[in-house]
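The structure appears right after this line, and notes come after that.
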Amino acid sequence: FRFKDSLAQDLHEADLVISHAGAGSCLETLEQGKPLVVVINEKLMNNHQLELAKQLNRDGHVLCCNCSTLVDTLQSMDLSTLKPFPPGRPEKFALFLDKVVGFQ
């Protein structure tokens, strides 16, 4: 997709998601519990997507590749090795923020 207001329905119906390594795309997919293959765009300057993709891969949540290795990755992947992504805990951040600004 070039642009779509929401991918929620597509993610819900997907068996596998192949995406760039944008934080929103990765987190939304992982929160849905869907297996994710992240394709890194090596042409981006100051590539923050690369950092996110590598960390999620090290933690065992995604498979990571680039455009030239995508086919090999799809042919050799073992999705059973992926670990579920832990659910967010926004209450911890709220407590931290309250403490920092002096509400506690």
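The values are calculated or read from the model by the stated rules, or taken from the named source; none is laboratory data. Not measured: the values here are computed from a predicted model. Here the Cβ positions follow ideal geometry from the backbone for every residue, glycine too, while neighbour counts run over all protein chains shown. The protein model used for the area step is the full one, side chains on, heavy atoms only, and it has no ligands, DNA or RNA in it. Shrake-Rupley method; radii C 1.70, N 1.55, O 1.52, S 1.80 Å.
In the chain the longest region clear of trypsin sites (Lys or Arg not before Pro) that are loop-assigned by DSSP and have at most 16 other C-beta atoms within 10 Å covers 44-104. Here the average projected area of the convex hull drawn through the C-alpha atoms of the chain stands at 8.7 nm². In the chain, helices alone account for a calculated mean residue ellipticity at 222 nm of -12000 deg cm²/dmol, with every DSSP H run of four or more residues adding -39,500 (n - 2.57). Estimated from the Cβ-Cβ distance and a Förster radius of 25 angstrom, the FRET efficiency linking Lys43 and Phe96 is about 0.10. Among the protein heavy atoms, those of Ser68 account for about 100 Å² of accessible surface (1.4 Å probe, every chain in place). Counting lysine pairs in the chain whose alpha carbons fall under 20 angstrom apart, excluding pairs fewer than 8 residues apart on the same chain, gives 5. Counting heavy atoms of the protein chains alone, Asp5 has an accessible area of about 150 Å² for a 1.4 Å probe. On full extension, the segment bounded by Asp78 and Asp5 gains 23.2 nm, given 0.36 nm per residue less the C-alpha separation. Per the 1.4 Å probe, what fraction of the accessible area of the range 7-101, in percent, lies on carbon and sulfur atoms? Exposed carbon and sulfur together represent 57 percent of the surface. Taking every protein chain into account, the 1.4 Å probe leaves Glu28 with about 70 Å² of accessible area, to the nearest ten. Heavy-atom accessible area, probed at 1.4 angstrom with all protein chains present, ranks His48, His61, His20 as His48, His20, His61, highest first. Structural descriptor for the chain: relative contact order 21 percent, calculated from alpha carbon pairs under 8 angstrom and at least 6 residues apart.
Accessible surface for the chain, divided over its residues, is 74 Å² per residue with a 1.4 Å probe.
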